[in-house]
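Here the structure comes first, spelled out in structure tokens, and everything after it is commentary.
The values are calculated or read from the model by the stated rules, or taken from the named source; none is laboratory data. Since the structure is predicted, the reported quantities are computational estimates derived from the model, not experimental observations. Methodologically, a virtual Cβ is constructed for each residue, glycine included, from the backbone with ideal geometry; neighbour enumeration extends over all protein chains shown.
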Amino acid sequence: MPINFCLLNTRSINRKELFINDYVSENDIDILAMTETWLREDDNEFSVAEICPTGNEDKLVTGIRTYDPVISDHLAIHCTLKLEKPPLEQAEIYYRKLNNVNMNSFNEDLKVLDLDDDYDLPVLIDKYENTLKETLQQHAPQKRRIITLRPLSPWYNEEIGQEKRNRRKLERRWRASGLCIDRQLYVKQCETVNAMIKNAKTTYYSSVISSNAHNQKVLFSTVDKLLHRKSEKRYPTVSSTTELVNKFADFFSNKITTIRQELVIDSSHCNQLNQEEQYVQCAKFINFQEVTEHEIKNIIDIVGKKSCELDPVPAKIFQSCQKTLLPIITKISNESLQSGCMPGKLKEAVLKPKLKKDSLEYEEYTNFRPISNLKLLSKVIEKAAAGQLLEHLANNNLEEPFQSAYKRFHSVETDLLKVQNDILVAIDNHKCVVLLLLDMSAAFDTVDHEILLQRMFKRFGIDGQ
């Protein structure tokens, strides 16, 4: 059971009874410590702290006293609380010793991947993933371990630990002897330890910030740690994890169906618009071209720095063996592009619900949005196809001039700059300005694929199977 402990450190406790009573009652304080601990040069004696149990916790507090802690101009309050120290939490983890993997041997074992056999695309993908999984298990078998979750201090080192032990040794000597010389040695050692800790923290965090100047994720995470801000993931209350997963899956799936059903669609009107739309005169895009290993390598250099739980090997291992895997990844990519097919296994994703805003109610499923993490192989094929489509649009001058999303050298900032500039120019020309902002729920998931394919054909000349 948690206990609310409150320390009121004031220059004078007198004439504050009303304030103290109100504060205790409003904040449900269990144990209240009132003390005048500020030391002045003209003080002849120190004030004694008074610790007052406010409820039924009177048996918890014993041995109340104050003493000079040396390192501060305030007295330290010391008492004995009859409380059990909460045990450190433990967690079950599964891990692999990736640092011990001999990558030369690992790459040799991967050469069993035979590219000469004429496998179907799904079989080729299975062979690729199974070979990687088996090789990884052979070189770095998965192990299970129970660990104790301890506070993390990455800046701490053995030198600081040794100086802290010396400080404790000098403190015991001073407490036992009471000599001024022992007290001076203890004070000096306290200053040394504090300076070492401060320098270690400064050096460590300065290094982290400077080495990740362009990595916002690491920077924000570091700042949150320094400010003791912990982003806790919260989800709707359920009886089990399985129930939570199923409810999220049903919600995200039914959400699309519900939105589609609520859309008022006049099919005859849509068909009429499609028939009236004029064809754009441009070169036709019928088939994807085969990609080279060099092109696939350039794509991997962009998307291969991260992996998800569905990938057969983590990104760290993949980076060290991508040269060996490049031929088979190129073959899989070309098979997919030439057949115009993305196998179902490459459409699988790890879905992570994320609260849209931290201030929203986490018990409501509608306040969550899905974050999907695809396999590395899926992202490579996606990038290869997108590159050829974008090249077709650029060569035929078919790019949408006002599009900012999913466009190189464009972003929300460029879009906002355009809107702001147009508004200011219109106002300068004494014109009225009306700004309409449209936010469509699940916009991509509710796209009508039949209409999309017709527009891709008529507006951009994209055809084929």
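Of the numbered criteria (1) at pLDDT below 85; (2) part of a helix (DSSP H, G or I), the one HIS228 fails is (2). Among the residues making up the range 354-394, those that are over 28 Å from the mean Cα position of the chain (by Cα) and touching a residue at least 40 places away in the same chain (Cβ under 8 Å) are ALA385, GLY387, GLN388, LEU389, HIS392, LEU393. When you scan the range 396-426, how many residues do you find that are closer than 30 Å to LEU346 by Cα, surrounded by 11 or more Cβ atoms within 10 Å (Cβ to Cβ) and either in contact with a Pro (Cβ under 7 Å, 6 or more places away or on another chain) or not aliphatic (A, V, I, L, M) (or both)? Looking only at that region, the number is 5.
Residues of the range 420-463 that are in a loop (DSSP other than H, G, I, E, B), in contact with a Lys or Arg (Cβ under 9 Å, 6 or more places away or on another chain) and over 27 Å from PRO370 (Cα atoms): GLY461, ASP463. Residue count for the range 333-360 under the criterion of being within 21 Å of PHE248 (Cβ to Cβ) and touching a strand residue (DSSP E or B) at 6+ places or on another chain (Cβ under 9 Å): the result is 11.
Let's see how each residue does on (1) touching a residue at least 12 places away in the same chain (Cβ under 8 Å); (2) touching a Leu at 6+ places or on another chain (Cβ under 6 Å); (3) of a type in the set (A, V, I, L, M, F, W, C):
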| site | (1), (2), (3) |
| --- | --- |
| PHE318 | yes, no, yes |
| ILE328 | yes, yes, yes |
| LEU337 | yes, no, yes |
| LYS345 | yes, no, no |
| LYS352 | yes, no, no |
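Among the residues of the range 73-83, some residue qualifies, meaning at least one is surrounded by 12 or more Cβ atoms within 10 Å (Cβ to Cβ), touching a residue at least 60 places away in the same chain (Cβ under 8 Å) and in a strand (DSSP E or B).
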